[in-house]
Amino acid sequence: MPKKKTALTIEERLQQALVPAEEQPYEVPENWVWVRLGAIAEIVTGGTPSKKHPEYYGGNFPFYKPSDLDQGRLTYDASEYLSEEGKNVSRIIPKNSTAVCCIGSIGKCGYLMCEGTTNQQINSAIPKINSLCLYYYLCTENFVQDLLSMASATTIAIVNKSKMESCAFPLPPLSEQQRIVERIEELFAKLDEAKERLQEVADSFAVRKAAILHKAFTGELTKQWRWENGVSYESWEEKKGEDFFEYVTSGSRGWAKYYSDKGSIFIRMGNLNHGTIELDFSDIQYVELPDQVEGQRSKLQKNDILISITADVGMIALVREDMDAYINQHVALARPKNDLYAEFLAWYFVSDDGLQQMQNKQRGATKIGLGLQDIRSIILKIPTLPEQHEIVRLIDDLLARERAAQQAAEQALASIDLMKKSILARAFRGELGTNKASEASALELLKQVLAEN
């Protein structure tokens, strides 16, 4: 008959809970102690209720998956919900627990704002200490690296329950835990406020660009220039595309047989974009043509304006230099007359006014498209050539400033995430100025937690 296991004493459990000095990741204040995560949190692995029982699904009990943890500190919504039957066959995770992805995207955390359950990719830490203090440490880079170091060597990284339990946790006294949480949330609130303002700057680039282009093609942008140069707005003449384009065509079909790894560049819709007049050469197709093919008529020249004419109508690119290149049937080539500034025309087509004209001319019941005659019928008020040059100069200058502001905002946004990581790292080293050395050691708290569980 097997011997009955003897219950461990508090002292024995204490020794199991404490992390030996040689395994401690870094130094902490003297009244803190390094403990195993399993000593201050119950670790529970989730599971998926059987899909053979459809009655388990469709209720209002949250069933969390790794993608749901992207909500972070305020994890409410779940990918699926279980019925009462599904809830009864699942392990209930109480609210204020921290769910940690331990298969695949290891270390992704979510703080559960309501009770629920999780799938098998998630281990949940049910707290025996301050729940937010636990959550914030599980968000630190140190903890994530600890988890990764324990991941099994399979095709998919996995950290099981026992390995997560053995992770180290820097345990502060109970009052210090609350002060750490309050300080973190105070600092994070300030960063979130700054992040919101920066995000507005980054997101509003398109709006500001549209406003600049609108002013450019209504004459407002060069109002001062006209006054200084004695030019009247009456000098702007309304013309149709057939008046300012000497040549409009589209690419030919049947180019696939000429595809090659070298030769002439073959421009497709993927080489054009909205909001810019620059060609995108990130994905280039080449063609090798025989001497005489019908597609020669679509060979590009400097100052040609390219327009997408099927599906996503109105993407624009300006050919800035002569090149050995051709277009396919989904792209139109519009060649301005010599007395017009091509870049001025290209920016007009990018503007909301130009794009709207093209989109209003789309036709086709089953396939959206823009005809060559539609391009020839585009109407535009055109200023003198010197004013066209001034408009383009101002567009380039103003958009360069706006891009710089956008890039600065995006860089600052990236730095905010790094600052949050730094705050968390400092918080759990006792470096946020919250620790009180006179408080009783966290060892007493650990004994109390072990005695109660």
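The values are calculated or read from the model by the stated rules, or taken from the named source; none is laboratory data. Source: prediction; values computed, not measured. In this analysis, Cβ positions are derived from the backbone assuming ideal geometry, glycine residues included, and neighbour counts consider all displayed protein chains.
Just wondering, is there one or more residues in segment 309-317 that are buried (at least 20 other Cβ atoms within 10 Å of the Cβ), under 16 Å from I265 (Cβ atoms) and under 29 Å from the mean Cα position of the chain (by Cα)? For segment 309-317, residues buried (at least 20 other Cβ atoms within 10 Å of the Cβ), under 16 Å from I265 (Cβ atoms) and under 29 Å from the mean Cα position of the chain (by Cα): present. For segment 148-179, the candidate set comprises residues that are touching a helix residue (DSSP H, G or I) at 6+ places or on another chain (Cβ under 6 Å) and not in a helix (DSSP H, G or I); within that set, the residue that is surrounded by the most Cβ atoms within 10 Å (Cβ to Cβ) is L171. Inspect segment 364-379 for any residue being small (G, A, S), more than 30 Å from T218 (Cα to Cα) and not assigned by TED's automatic domain parsing to the domain that holds L14 and give the result as yes or no. Yes, that holds for at least one residue. Considering L138, L147, the condition of being at pLDDT 95 or above and aliphatic (A, V, I, L, M) is satisfied by L138 alone. Restricting segment 409-436 to residues that are without any contact (Cβ under 8 Å) to a residue 40 or more places away in the chain and in a helix (DSSP H, G or I) leaves a set whose member that is surrounded by the fewest Cβ atoms within 10 Å (Cβ to Cβ) is L418.
So the check is Cβ under 7 Å with 6+ separation or different chains; which pairs have a first residue in segment 75-95 that's touching a residue at least 12 places away in the same chain (Cβ under 8 Å) and not assigned by TED's automatic domain parsing to the domain that holds Q120 and a second one that's polar (S, T, N, Q) and surrounded by 13 or more Cβ atoms within 10 Å (Cβ to Cβ)? If the second residue must be polar (S, T, N, Q) and surrounded by 13 or more Cβ atoms within 10 Å (Cβ to Cβ), no pairs are left.
Checking each residue of segment 437-450 against the condition of being assigned to a helix (DSSP H, G or I), under 20 Å from E242 (Cβ atoms) and hydrophobic (A, V, I, L, M, F, W, C) gives no match.
Evaluate segment 283-299: report whether one residue or more is more than 36 Å from the chain's Cα centre (by Cα), surrounded by 19 or more Cβ atoms within 10 Å (Cβ to Cβ), modelled with pLDDT under 90 and of a type outside the set (K, R). Within segment 283-299, one or more residues are more than 36 Å from the chain's Cα centre (by Cα), surrounded by 19 or more Cβ atoms within 10 Å (Cβ to Cβ), modelled with pLDDT under 90 and of a type outside the set (K, R). Would you confirm, using the coordinates I've provided, whether K52 is among the basic types (K, R) and in contact (Cβ under 8 Å) with a residue 40 or more places away in the chain? So K52 does not fit the description; no.
Note on segment 57-112: enclosed strands (runs of 3 or more DSSP E) holding 1 or more residues that are in contact with a helix residue (DSSP H, G or I) (Cβ under 9 Å, 6 or more places away or on another chain), crowded, with 17+ Cβ neighbours inside 10 Å and aliphatic (A, V, I, L, M) are 80-82, 98-101. Please verify whether L446 is at negative phi, of a type in the set (A, V, I, L, M) and crowded, with 17+ Cβ neighbours inside 10 Å, treating the condition exactly as stated. Yes: the conditions hold for L446.
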